[in-house]
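Student: Take this structure, written in structure tokens, and hold onto it; I'll ask about it next.
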């Protein structure tokens, strides 16, 4: 599907966002190489192999609460009964004696239930008199006992390959006694800013210069357990130098990202440099902000040339770069969460490009959602980007949005 960009004096044909995503998906493949890491370093990493439990969970049949353990055969239906107390089972210190008919033991949560017992009555329901325990008439059979293997059987699959490990997954693996796991290796990602006007934060700003905010923005967006990131600094607007540094960086990286220099200005050299030293997949897409996005390859390195304005950097990252990084890392495909909300602001929009305006999403006491604009929508406006917590997604053919209209909203989720 091709969309016509009304902003272009030459009616340039632009690639629709969905088609750009499809091209990226078809052009890249997930990492194959793996590494083994300690469990505490595995959060967020992608599991490389199927993982099975070598033990049953629970490992033993154990008590679900503090109380008294006995054989259910001792229960007299609808009648109280009394058993002799012969010992205690502690968590980590099982009862080692033999539990016979007419006997019970004191047991604590997590302690092993003796082989000849199958029921636990909580301590608040009994009366203890020296070595005798009186049980109430309403005792139930097989209660308050966690059966061996009721959670996981020995040899059962715990997690499948491709699972992005959560804190709960780490708990499951630790419970099964696994100290290390095989995961996909980290994706090596480097990023440059381009532009002679860029100044580092340690320098004094002069007229015509700007501080380089994009590298800090990208550093935040790229900070993730599956990524090994390199801030490669600033590239000057010199084609020969650009080409040399891009080729050098691409030789050791899986993904290379630049910001700026991908438009059509006299000093925008990224596109022509990529034509010489790599391959261009596509250039320019029907989205706002972020039209001059460049996707291609240098050697075996995937390349993204993002626009220079910071809002466009974040929008193109979220919508196009992030899905690619997830695919390369081995994450399963996932669609961004979208919800419907009543718009509390008038939104200006022209037909021709899919637009991602920055908004503030709120939920009322009745559960309904409303969204208002976060402020000025220029692609250089960092303050409204900072205030926003969502994108207001406006389709390509959509025009101005009236107050009270229902719109599609995507809450921000900057973590990969």
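Only the coordinates and a few stated rules stand behind these numbers; no lab work does. Not measured: the values here are computed from a predicted model.
Student: Name the residue, out of 305, 162, 92, whose mean-square fluctuation peaks in a Gaussian network model built on the chain with Cα pairs under 10 Å.
Tutor: 92
Student: Right, here's the next one. I want to verify a result. In a Gaussian network model of the chain, Cα cutoff 10 Å, which of these has the top mean-square fluctuation: 239, 94, 292?
Tutor: 94
Student: Further, regarding this structure: If you count the DSSP beta bridges with both ends in the stretch 111-230, what percent of them are antiparallel, to the nearest 5?
Tutor: 35
Student: Kindly express, to the nearest 10 degrees and within the range 0 to 90, the angle between helix 17-27's C-alpha long axis and the longest C-alpha principal axis of the chain.
Tutor: Roughly 70 degrees between the two axes.
Student: Counting each pair of different Cα atoms once, what's the Kirkwood radius of the chain in Å, rounded to one decimal?
Tutor: 26.0
Student: Here's another thing I want to ask about it. Connecting C-alpha atoms closer than 10 Å in a GNM of the chain, tell me which of 336, 286, 64 has the biggest fluctuation.
Tutor: Greatest mean-square fluctuation among the candidates belongs to 64.
Student: Now for a different question. Does the stretch 178-257 come out rounded, prolate or oblate, given a ≥ b ≥ c as the square roots of the eigenvalues of its C-alpha gyration tensor, rounded meaning a/c under 1.5 and, failing that, prolate meaning a/b above b/c?
Tutor: It is oblate, given that a/c is not under 1.5 and a/b is not larger than b/c.
Student: Still on this structure, I have one more. Per the Cauchy relation, a quarter of the hull surface: what is the mean projected area of the convex hull of the alpha carbons in the stretch 62-146, in nm²?
Tutor: Hull-based average projected area comes out at 4.6 nm².
Student: Further question on the same structure: Once every DSSP H run of n ≥ 4 in the chain is given -39500 (n - 2.57) and the sum is divided by its residues, what mean residue ellipticity at 222 nm do you get, rounded to the nearest 500 deg cm²/dmol?
Tutor: My calculation for the chain gives -4500 deg cm²/dmol from helical runs alone.
Student: A further question on this structure: Which whole-number percent is the relative contact order of the stretch 120-247 (Cα, under 8 Å, 6+ apart)?
Tutor: Reported relative contact order: 20 percent.
Student: Let me ask something additional. Find the relative contact order for the chain and round it to a whole percent, using C-alpha pairs within less than 8 Å whose residues are 6+ positions apart.
Tutor: 16 percent.
Student: Measure nothing fancy, just the Cα-based angle from helix 239-250's long axis to the longest principal axis of the chain, in degrees from 0 to 90, nearest 10.
Tutor: Helix 239-250 sits at roughly 20 degrees to that axis.
Student: Here is a follow-up. Multiply the residue gap between residue 27 and residue 140 by 0.36 nm, knock off their C-alpha separation, and tell me the result in nm, one decimal place.
Tutor: 34.5 nm
Student: With contacts defined as alpha carbon pairs under 8 Å and 6 or more residues apart, what's the relative contact order of the stretch 62-146 in percent?
Tutor: After rounding, I find 43 percent.
Student: Another question, then. Restricting to the chain, compute how many DSSP beta bridges are antiparallel as a %, nearest 5.
Tutor: Percent antiparallel among DSSP bridges in the chain is about 70.
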